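Laboratory data are not the source of any read-out in this text; all were calculated from the coordinates shown. Given the structure is predicted, the values throughout are model-derived calculations rather than measurements. FYI the Cβ positions are ideal-geometry reconstructions off the backbone, even for glycines, and counts take in every protein chain you see.
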Amino acid sequence: MKKAIFCLLIIFIGCAPNIMFIPKSQSEFVIDFAKYTEKGFMFSPYQYLGKYESIGMITITVMPEASLLRHRDERFNGNVYKTEWEFTPINLDASIEQFYKKAVDMGANGVCDLKIISESKSYILKTPVTIPGVTISGFAIKRLEVQ
C-alpha cells in the first residue's frame, strides 16, 4: 500500500507544471474620505472616544468575477497556449461608497474600528483558482457630540 501511494505521489509530482516566470507585481491604494467628512460623516480605524450610540456592525465582502482565458504565450513564439484566470478589478471607492450608504441607512454618522482586509476564496475546478477580494468592516455609531 505504501509503495502504491509513493508511486502515485511521484507521478503527480512529475506532472506538476514547472513555474518559469513570476511577473513583477506592485499594488497600492489610497482612500480619500474627504467627501464623507464634508457630509459630517467620520471614518476611523480607531475607537471613537467621544459620546456615541451604538448602531451596529457592518461587513461587506467584495469578490471579483473570474474568467478562464486561453491564449498564445509569446515567450514561446506563440507555439504554446496557456490558460490563466483573469479577474475583473475591484473598485474600492465604490465598495467604500456602498459601505457608507449602508451605515447612513442604519442611522450612523460615523464608523470606527474600520478595517479593510484582503480576502481570497479558492475553488477546486478543472483549473483551480484562488480569487482575490476585499472585506470592509467596522462599527457604525451615531456620534452625539458632533461640531
With a 26 Å threshold on alpha-carbon distance, the violating pairs from Lys39/Lys102; Lys35/Lys102; Lys35/Lys121; Lys121/Lys142 are Lys35/Lys121; Lys121/Lys142
So the angle from the long Cα axis of helix 92-105 to the longest Cα principal axis of the chain, reported in degrees to the nearest 10, equals 40 degrees
Provide the net charge surrounding Tyr36, with neighbours chosen by a C-beta distance below 12 Å and charges set as Lys +1, Arg +1, Asp -1, Glu -1. -1
Give the order of Phe87, Phe41, Phe139 when sorted by the count of other beta carbons within 10 angstrom, beginning with the fewest. Phe87, Phe41, Phe139
Label points 7 Å out from Cα along the Cβ direction at Lys39 and Thr61: separation in nm? 2.6 nm
Gly138 neighbourhood, Cβ < 15 Å, K/R = +1, D/E = -1, net charge +2
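If Lys and Arg each add +1 and Asp and Glu each add -1, what is the summed charge of the other residues whose beta carbon sits under 15 Å from the beta carbon of Val111?
+3
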Residues of the range 66-89 with amide nitrogen under 20 Å from the 7 Å Cα-to-Cβ point of Tyr123? 66-71, 82-89
Going by alpha carbons, how many degrees (0 to 90, nearest 10) lie between the helix axis of 2-15 and the longest principal axis of the chain? 80 degrees
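Run the numbers on the chain and let me know its relative contact order in percent, using alpha-carbon pairs under 8 Å that are six or more apart.
It rounds to 30 percent for the chain.
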